[in-house]
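The values are calculated or read from the model by the stated rules, or taken from the named source; none is laboratory data. Computed from a predicted structure; not experimentally measured. Here Cβ is always computed from backbone atoms with ideal geometry, including for glycine, and neighbour counts include all displayed protein chains. When the accessible area is computed, the model is the full protein with side chains, heavy atoms only, and any ligands, DNA or RNA have been set aside. Shrake-Rupley method; radii C 1.70, N 1.55, O 1.52, S 1.80 Å.
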Amino acid sequence: MGNIIRSKRFWLVAPAVVYIGFFMAVPLLQMAYVSMLERGDYGGVNWGVFSMDAYISFIFERDLMDNLVVNTDYLQIFARSFGLSAMTTVFALLLGFPTAFYISTQPQSRRNFLIFLVTIPFWTNILVRNYAWMLLLRNGGLIDGALNWMGIETGGLDVLYTPYAVSIGLTYTYLPFMVLPIYASLEKLDHRLVEAAFDLGADKRRAMTRVILPLAAPGIAAGCILVFIPCLGAYVTPELLGGGKFMMIANLIGSQFGAARNWPLGAGLGFVLLALVLISMMVYSFKFKSLPEESR
Amino acid sequence: MSEVVISAKSVGKTFGSGVDKVTALDDVSVDIFQNEFFTMLGPSGCGKTTLLRLIGGFEQATSGQILLEGKALNDLPPYKRPINTVFQSYALFPHLTVRQNITFGLEMQGIARKQADDRAEEMLELVRLAQYGDRVPSQLSGGQQQRIALARALAPAPKVLLLDEPLSALDLKLRKEMQVELKRLQTETGITFVFVTHDQEEALAMSDRIAVMKSGEILQVGAPREIYEAPTHRFVADFIGDSNFLVGNLVDDGAGKHAIKLGGGQVIELTQEVSGQRSGEVTVSVRPERLGLVAESKANANHLVGTVSTVIYFGTDTTYQIDLGNDALLTVRMQNGSGAKADFAQGERVGITMSPDSIRVLAD
């Protein structure tokens with residue numbers, strides 16, 4: 001009986017499984033194939049001609065004598081992307097945790113409203129929001145102008161088209177992804193545990209570090225992953241707020257498929273990124289698998 | 001008598017405001033003594049948990065004050081009070097091992113790791129879970145979690161231990177075990193226990209003194225025997241154990257002796273003093289097991305007389321419902337001992353024996 005119901009229930013997820021399986025797996029395999037082909041002279045690839053050039057040229061380039069020498073250009077872009085994503089994640093955490101904590105301490109009806117507010121930025125197109133940030137951040141823009149008006153001579157803010165502008169923009173874009181999972185874990189947190197900590201002599205700071213933070217850790221980790229990984233793949237924000245001067249992985253991949261006409265390298269870079277993301281996910285799940293289950 | 005540890009002085013607590021205003025405690029005053037097992041007993045919503053939370057510092061009193069050894073606690077946050085709590089849900093830290101749970105309070109006091117660990121072992125011995133230090137709470141049964149919660153709260157050697165219905169989540173057998181265990185812990189540690197429960201049996205079994213609460217007020221404070229044998233209020237007599245209530249007119253024979261004249265004209269004589277200048281209609285209570293039955297033929301002028309209307313056999317005892325006439329019913333519980341003389345059948349006329357000191361005139 002139970003088996004029949006369970007096997008029938010499978011059909012509920014079947015459409016999603018087929019959709020995702022097909023439209024994710026097939027293009028992915030296609031890109032894996034492309035990354036292992038020889039590049040075509042005018043873009044595209046030479047189908048059927050295998051070559052590992054894409055992966056080799058990620059780290060090496062050929063000098064005039066056709067020797068392989070280490071070329072760190074791509075590695076630098078990767079490192080820069082990881083660094084910037086990490087910075088953004090830290091910003092988002094510093095802004096997001098207090099926000100989530102505040103919301104979780106509000107009465108139920110207010111909480112839902114505040115969570116609704118957190119999601120409002122999603123309503124606007126990401127391109128529009130990035131242009132808005134350009135208007136805010138540029139020299140003589142809203143922020144610069146306001147500072148000057150208040151008598152703080154900035155001499156031009158010089159923030160736009162820097163990594164900081166990119167990080168500010170990314171923090172803004174992905175902040176809800178930090179707030180929501182942290183809020184979810186804080187909301188679940190049994191308030192009596194905090195009372196127990198107080199009862200046993202922990203002041204507010206130690207109740208936070210010894211009880212609240214450890215119990216919210218899965219939410220914090222989930223939030224960090226949900227911010228960090230999309231940041232690595234961010235395309236629009238570095239393009240606009242970085243002014244194209246500041247390339248991140250996605251921009252590099254985009255240029256390989258576009259101007260550089262090196263499809264295998266573009267696909268290969270994508271797979272290197274995917275590998276790195278999968279590794280960090282595995283580290284995460286390994287780390288939090290060992291966490292004791294919440295007691296009832 | 002020993003020293004007062006906790007003293008509540010005219011404590012009031014209201015929640016909300018305007019039309020939503022709820023009075024949880026209304027001018028409550030009580031003293032709790034050193035090394036005492038003190039129980040606050042009452043139905044849900046009577047304010048017992050609120051009073052406990054005020055002592056613990058989780059709520060602030062709206063009026064009045066709470067003293068610990070003579071010093072006002074009012075503005076002291078919970079973490080500065082030498083008072084620990086065993087929560088109803090245990091509230092063990094799920095991310096810490098049993099040992100880390102127990103040493104938490106010690107660590108907060110700045111006690112060295114080694115000493116704290118030794119103390120934890122001592123506490124685990126005390127609650128008889130010596131091998132469980134390295135487990136996490138989710139690996140323990142409800143009863144075990146309960147013991148760990150006790151060990152954790154006792155580890156910092158608080159002046160007062162507050163227990164908020166800690167046994168309510170346990171099944172009956174375990175609860176009985178834990179009642180004995182709690183009493184033992186209290187005696188062994190010499191710490192004042194303030195226990196909150198709605199279970200009268202639990203309260204009678206464990207307490208040195210019981211405060212019976214209703215609607216934010218303490219009705220009566222006394223030793224279990226006193227509360228049971230000499231309830232002052234109808235609520236107390238009704239809430240704790242079974243009671244018969246009879247309504248009648250208080251009459252004074254002029255020589256300081258009182259009697260109750262029931263609606264049907266029967267009279268119950270009282271031996272005890274009746275407090276205050278009371279007259280007119282009063283309620284008296286008497287416990288079913290303090291009554292006895294005799295055949296009508298053996299009844300004398302001092303006995304109430306009635307008709308057996310129901311007989312219920314319970315094994316160890318038998319319960320009779322006696323109709324006194326005029327809608328007055330009495331429940332009589334008689335033990336079925338080996339020398340049980342009596343078997344009264346439904347419809348039989350019987351005389352009811354009662355010792356005058358078992359009859360209580362109630363305040364309302």
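Of all the residues in the stretch A:192-208, those that are more than 7 Å from chain B (Cβ to nearest Cβ), open to solvent by less than 40 Å² (accessible area, probe 1.4 Å) and of a type outside the set (Gly, Ala, Ser) number 1. Considering the stretch A:21-48 alone, what residues qualify as being surrounded by 11 or more Cβ atoms within 10 Å (Cβ to Cβ) and among the β-branched types (Val, Ile, Thr)? Across the stretch A:21-48, the qualifying residues are A:34, A:45. For residue B:115, are the conditions met, namely being in contact with a Pro (Cβ under 7 Å, 6 or more places away or on another chain) and either away from chain A (no Cβ under 13 Å) or part of a helix (DSSP H, G or I) (or both)? Spelling it out, it is not the case that residue B:115 is in contact with a Pro (Cβ under 7 Å, 6 or more places away or on another chain) and either away from chain A (no Cβ under 13 Å) or part of a helix (DSSP H, G or I) (or both).
When residues in the stretch B:123-146 are screened for being open to solvent by 30 Å² or more (accessible area, probe 1.4 Å), polar (S, T, N, Q) and more than 12 Å from chain A (Cβ to nearest Cβ), 1 of them pass.
Residue pairs whose Cβ atoms lie under 9 Å apart, separated by 6 or more positions or on different chains, with the first residue in the stretch B:287-310 and free of Cβ contacts under 8 Å to residues at least 12 places away in the same chain and the second assigned to a strand (DSSP E or B) and crowded, with 17+ Cβ neighbours inside 10 Å, are B:297/B:351. More than 24 Å from residue A:125 (Cβ to Cβ) and more than 14 Å from chain B (Cβ to nearest Cβ), is that true of residue A:165? Answer is no for this residue. Scanning the stretch B:268-305 for residues that are modelled with pLDDT of 85 or more and outside any strand (DSSP E or B) turns up B:287, B:288, B:289, B:290.
Taking residue A:250, is it out of contact with any Gly (no Cβ under 7 Å at 6 or more places or on another chain) and either modelled with pLDDT of 90 or more or assigned to a helix (DSSP H, G or I) (or both)?
Numbers: out of contact with any Gly (no Cβ under 7 Å at 6 or more places or on another chain): no; either modelled with pLDDT of 90 or more or assigned to a helix (DSSP H, G or I) (or both): yes.
Judged against the criteria, residue A:250 is not a match.
Checked against (1) without any contact (Cβ under 8 Å) to a residue 12 or more places away in the chain; (2) of a type outside the set (A, V, I, L, M, F, W, C); (3) in a loop (DSSP other than H, G, I, E, B), residue B:134 meets all criteria but (1).
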